[in-house]
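Q: Structure provided below as structure tokens; questions to follow.
Just so it is clear, none of the values below were taken in a lab; they were calculated from the coordinates. Worth saying up front: this structure is predicted, and the values here are computed from it rather than measured. Reconstructed Cβ throughout: ideal geometry from the backbone, glycine too, with neighbour counts over all protein chains shown.
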Amino acid sequence: MKLQQLLSFFDLSTHNIKKPSDIGALEHLMNTEIKSLSFDARDVQQGSVFFAIKGLQSDGHHYISQAISKGAVAIIAESLSYLPDTFAGFALEVSDSRQMLDLLASKFYDYPSQKLICFGVTGTNGKTSITYLLEHILNSNRKLTGVMGTVNHRVGDHVWESQMTTPDPVTLQSRLQDFVREGALAAALEVSSHALDQRRADSVHFNTVIFTNLTHDHLDYHKSMRHYFESKQKLFTDLMWSSVKRPLFAIVNIDDEYGRVLKVADPVICWTYGQQESDFQFKILKMDFNETEFELTTPIEKIKIKIPLTGVHTVYNVVASLAASLTCGVTLQQGVKSLQSFVGIPGRLQKVNSIVDSNKVVFIDYAHTPDALENTLKSLRKIREDAMLSNKIITVFGCGGDRDKTKRPKMAEIASRLSDSVIITSDNPRTEDPVQIINDIQSGVPKDFKNFIIDPDRERAIQTAIDQADHSDVVLIAGKGHEDYQIIGTSKIHFSDYEVAKKYLK
């Protein structure tokens, strides 16, 4: 795409611009083939457009000269005062560089979201699970679906690494274009509150959006639950108002207090789900450590469903996925049938299969927030109580460094209250002292709870939990889920809870 095409929808006469004074040089510049869009000067190549963005850690305006030296032919910035006098390219001053990056990334990659059925999933917990479930249901019904989320990006046999839940606009639009090229008909995206606040997904035209819940998390960034919620709500208001798709749907968890007050744009058809009275109301009939049977009542029919998964929160995610699938033509019967072959979600109450015959039950779960940990442990306790078992629940968990510190004691209180034994260990300490993180966690352990130990070595903590477990006891290893690494300092080393648990489950 030529620079002139990229900027074609701008009325340049209303903007402060810098351009070559020579007509011939200007014409040559505007016909330059743009090779890439970049907001990181280190990634600039010859023929790039560089966007100077003010970030949390640094200001891209300070790297304009570096971008120019590496071959940037155009600069988009909120102030042209940072331009060197010798710059002979094109520069455009805008009020919001982030917004321009999002708009131009969509144009540069030929508006890929308009060629796909797009699902957006947001909430504190459940985003990854729902995208996996949607992918399985739609793929099983001949609607090839690409997924972008916490675990990876993928479509068919193609898999790309994921650096964050929702990527930057350039990566996001480029990946959607990859999905289109691979023949996908749909895309399921995890949409984080950070991404919504930073306008990374503003130019995605969604068909259906899903709200799972909102609980204590990311307050190191948002500072308040109100701001956290308002960021999430943008997906259902701002982004749905701007979507060119029709019809539009929102699938909302009515059991969640924030779901009950969530606003949606006027053109959106809103379907609620949950255990309370709702459009998609479910009632759990039977649950054990291997499967769940529940009854689902919809405006059209009532159906009994059995899935090879466990956990109350899992049922919420299944119901949301079935409702979302209906919005693109997959019937309830087709969706339920496809779930019989679903093998589960990596790191989401994922059962560790032993290489020998072991009666110990070990689960890996991504629960890294107070609410997620509480929901997971309550599900395990309910299964135990319903089956009238006396087995112990042993929980291993830690908290990440350089993240919200206020949740650490809360998670300790929950683990102590709902487990028979707790092992507090390290998670991803990052640049914080692991011992200090553990001290913060330990401050939340009730004084009358004595069945806990501390071991900063995560592998040893997992081994201890499994060794402690007797016949039919349950071990929950929480916090990291699908992750196959630990971040210690600024280094990322290989570490998989699943691999470690399997090693010691003998």
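Q: Please report, in Å, the Rg and the Dmax of the chain, where both are computed over Cα atoms only.
A: Spelled out, the Cα radius of gyration and Dmax of the chain are 24.7, 85 Å.
Q: For the pairs K304/K378; K378/K405; K2/K234; K232/K360; K382/K450, flag any whose C-alpha to C-alpha distance is greater than 29 Å.
A: With Cα atoms farther than 29 Å apart: K2/K234; K232/K360.
Q: Shape call for segment 3-108 from the C-alpha gyration tensor, a ≥ b ≥ c root eigenvalues: rounded (a/c under 1.5), prolate (a/b greater than b/c) or oblate?
A: In terms of gyration-tensor shape, rounded.
Q: If you don't mind, another one. In whole Å, how far is the Cα centre of segment 50-72 from that of segment 93-108?
A: Comparing the Cα centres of segment 50-72 and segment 93-108, I get a distance of 15 Å.
Q: In the calculated pair distance distribution of segment 420-506, what percentage of Cα-Cα distances lie above 16 Å?
A: Value for segment 420-506: 56 percent of Cα pairs lie more than 16 Å apart.
Q: Can you grab the distance from the C-alpha centre of segment 139-187 to the C-alpha centre of segment 23-47, Å, no decimals?
A: 27 Å
Q: D for segment 228-333, whole µm²/s, Stokes-Einstein with Kirkwood Rh over alpha-carbon pairs at 37 °C and 0.692 mPa s: what number?
A: Taking Rh from Cα pairs, D becomes 223 µm²/s.
Q: If R₀ is 51 angstrom, what is the calculated FRET efficiency for the pair D11 and A387, using the beta carbon separation as r and rounding to 0.05?
A: So, using R0 = 51 Å, E works out to roughly 0.15.
Q: While we're here: Quick check: the angle from helix 458-468's long axis to the longest principal axis of the chain, C-alpha only, nearest 10 degrees?
A: It is inclined by approximately 20 degrees.
Q: Report the Cα centroid-to-centroid distance between segment 428-495 and segment 270-342 in angstrom, as an integer.
A: Value for the Cα centre distance between the two parts: 33 Å.
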